[in-house]
Amino acid sequence: MTTYSRGRRQTDARAHYRKMAEEAELGAVTRSQLQVLAKDLPQTGLVNSTEAMLLVTLVHSAPSPQFEAGGLPIVFKSNATLGFEIGKTPNHTGALLSRLFDAGLIAMRDSGNYKRFARRDDAGNVAAVSGIDLRVLVARYRELSALVAKARSDRNAREAAWSEYRGAVRQLHLVLSSVEDLACRILATLKRRFNIILANVSKKSTAARIGRAARLCRWLAERAYGLNKGREDSLASGKIMSRTLETRDHIQTTNLNQLVSCSEEAWRPANAGPVILNGASFARRAWDERRGEAKSSLRTRPEPGRAMQIETLTAACPALKSWLGAAPTSWPALIDKYPLLCVLVGISADARDHAASVLGQTGAAMAAALIIERREAGEIKSAGGFMRALIERAKNGNLHLEKSIYARAKMRLEVARKVPDS
């Protein structure tokens, strides 16, 4: 035999709202203020538009004097009457009242037979009431008004962030379309990250999430433009002969913009004195900086004479060609690409400059090439961490870059020899 429970379901929350209604102090909030609040509540997500319409109807059904001090704003209308006023059936209206009760916007004071009425004593005073109590709405007026204000503020911030995000997306679209001649691997990486951003942000996202996506788009646009600009500058800058041919590698310089004296004392070799490392101008400043002008505390280690050919490095690290679009043909060309290599592989500017000061310009460029090759092979995950590990080995005298590169070139040669036999 099935036992049906009779009466309205009671919960701790509903009991709390009834107690809050009984302890509410009337007189501080008018009926018109409550009507405006009820109309704005859908903005908070507590109720939908139909429930808000019923709440406005309930507030309008109670006389204005009942919301003043000493009043009793209780509505005695039946579900059928309320349903007729909002265009819903009595059963639907009852369900809406239950949702408003659960949300803490009304309190239900039920009689034994669920009739809504007021019983008065002999003096004409209200002795007992049964109906829909609106005093809980008065008690929660400040709390609910704050929720409405916060919802509006969040909406405004979200719309502003969305507008900024759409502008950043358009800018990134234009930048990516103008750098189609970048290396395929670099361009594919930028586009893949762009697609990830687009897939994880929508107009319904929070303002913080949209703003973060806009900053990422701007960062990607600046990176793509910077890489392309550095590439154009490198291609556009001509080659001139150096005045000081101290080594066979010190043959060319790309510094066409720096004003220097024509005297022999104003020129110096690459391994003399301090060097300022500054992004794309790294190689130009390294080759042609005037003696005594550098103020940086960064001191480059004197580089030993190199017996290794640049072809050996490119044979050991073929990934350079795919990352740069073309393999470097000389050591100055490799040093010129050193800042770009660090940006591509994710080495910070601090680690880049520190490596150049400890390993020397050529050693740092060789280390960056080796890191790119090993990352391409899946042997390392953190390029910056590996570069700092190489720096520590160099300080302890345990770093042998040349041996590593020769071993890798030998391995590549053996693999190439075995391919035709198979």
request  = Could you please give the count of residues in region 148-178 that are closer than 28 Å to A28 by Cα, among the aliphatic types (A, V, I, L, M) and open to solvent by 70 Å² or more (accessible area, probe 1.4 Å)?
outcome  = 0
message = Condition first: in contact with a helix residue (DSSP H, G or I) (Cβ under 7 Å, 6 or more places away or on another chain) and not hydrophobic (A, V, I, L, M, F, W, C). Now tell me which residues in region 322-348 satisfy that.
response = S322, P328, T329, S330, P332, D336, K337, Y338, P339, G346, S348
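For residues in region 62-81 being among the polar types (S, T, N, Q), under 18 Å from D110 (Cα atoms) and in a helix (DSSP H, G or I), which is most open to solvent (accessible area, probe 1.4 Å)? Explain how you work it out, then say what you get.
The initial filter retains those residues of region 62-81 that are among the polar types (S, T, N, Q), namely 64, 66, 78-79, 81.
If we keep only those that are under 18 Å from D110 (Cα atoms) as well, we get 78-79, 81.
Okay, now just the ones that are also in a helix (DSSP H, G or I), so 79, 81.
Numbers: N79: 44, T81: 60 Å².
Top of the filtered list is T81.
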Failed criterion for N398 (all others in (1) of a type in the set (S, T, N, Q); (2) crowded, with 21+ Cβ neighbours inside 10 Å; (3) in a loop (DSSP other than H, G, I, E, B) hold) = (2)
ask   = Is it fair to say I106 is closer than 15 Å to Y141 by Cα and of a type in the set (V, I, T)?
value = yes
task = Take V36 and decide whether it is open to solvent by less than 100 Å² (accessible area, probe 1.4 Å), in a loop (DSSP other than H, G, I, E, B) and at pLDDT 85 or above.
result = no
query = For P90, are the conditions met, namely being open to solvent by 60 Å² or more (accessible area, probe 1.4 Å) and without any contact (Cβ under 8 Å) to a residue 12 or more places away in the chain?
reply = no
message = Residue pairs, Cβ under 7 Å, 6 or more apart or interchain, first in region 21-32 and closer than 12 Å to Y141 by Cβ, second of a type in the set (F, W, Y) and open to solvent by less than 70 Å² (accessible area, probe 1.4 Å). List them.
response = L26/F67; V29/F67; V29/Y141; T30/F67; R31/F67
query = If the Cβ limit is 7 Å and pairs must be 6+ apart or interchain, which residue in region 35-49 that is over 12 Å from S145 (Cβ atoms) and in contact (Cβ under 8 Å) with a residue 40 or more places away in the chain pairs with which residue that is open to solvent by less than 20 Å² (accessible area, probe 1.4 Å) and not aliphatic (A, V, I, L, M)?
reply = none
request  = Considering only region 309-322, state which residues are touching a residue at least 12 places away in the same chain (Cβ under 8 Å), open to solvent by 30 Å² or more (accessible area, probe 1.4 Å) and either assigned to a helix (DSSP H, G or I) or within 18 Å of V179 (Cα to Cα) (or both).
outcome  = T312, T314, A315, S322
task = Scan region 93-111 for residues that are open to solvent by 40 Å² or more (accessible area, probe 1.4 Å) and in a loop (DSSP other than H, G, I, E, B) and jot them down.
result = D110
task = Answer with yes or no whether G378 is under 20 Å from H400 (Cα atoms) and either surrounded by fewer than 21 Cβ atoms within 10 Å (Cβ to Cβ) or in contact with a Phe, Trp or Tyr (Cβ under 8 Å, 6 or more places away or on another chain) (or both).
result = no
inquiry  = Criterion first (of a type outside the set (S, T, N, Q), surrounded by fewer than 16 Cβ atoms within 10 Å (Cβ to Cβ) and closer than 13 Å to I106 by Cα) does E51 satisfy it?
reply    = no
task = Kindly indicate whether any position in region 352-372 is modelled with pLDDT of 85 or more, farther than 13 Å from A316 by Cα, in a loop (DSSP other than H, G, I, E, B) and open to solvent by 40 Å² or more (accessible area, probe 1.4 Å).
result = no
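The values are calculated or read from the model by the stated rules, or taken from the named source; none is laboratory data. Just so we're clear, the structure is a prediction, and the values are computed from it rather than from any experiment. Glycine also receives a Cβ, built like all others from the backbone with ideal geometry; neighbour counts cover every protein chain displayed. Keep in mind that these areas ignore ligands, DNA and RNA; they rest on the heavy atoms of the full protein, side chains included. Shrake-Rupley method; radii C 1.70, N 1.55, O 1.52, S 1.80 Å.
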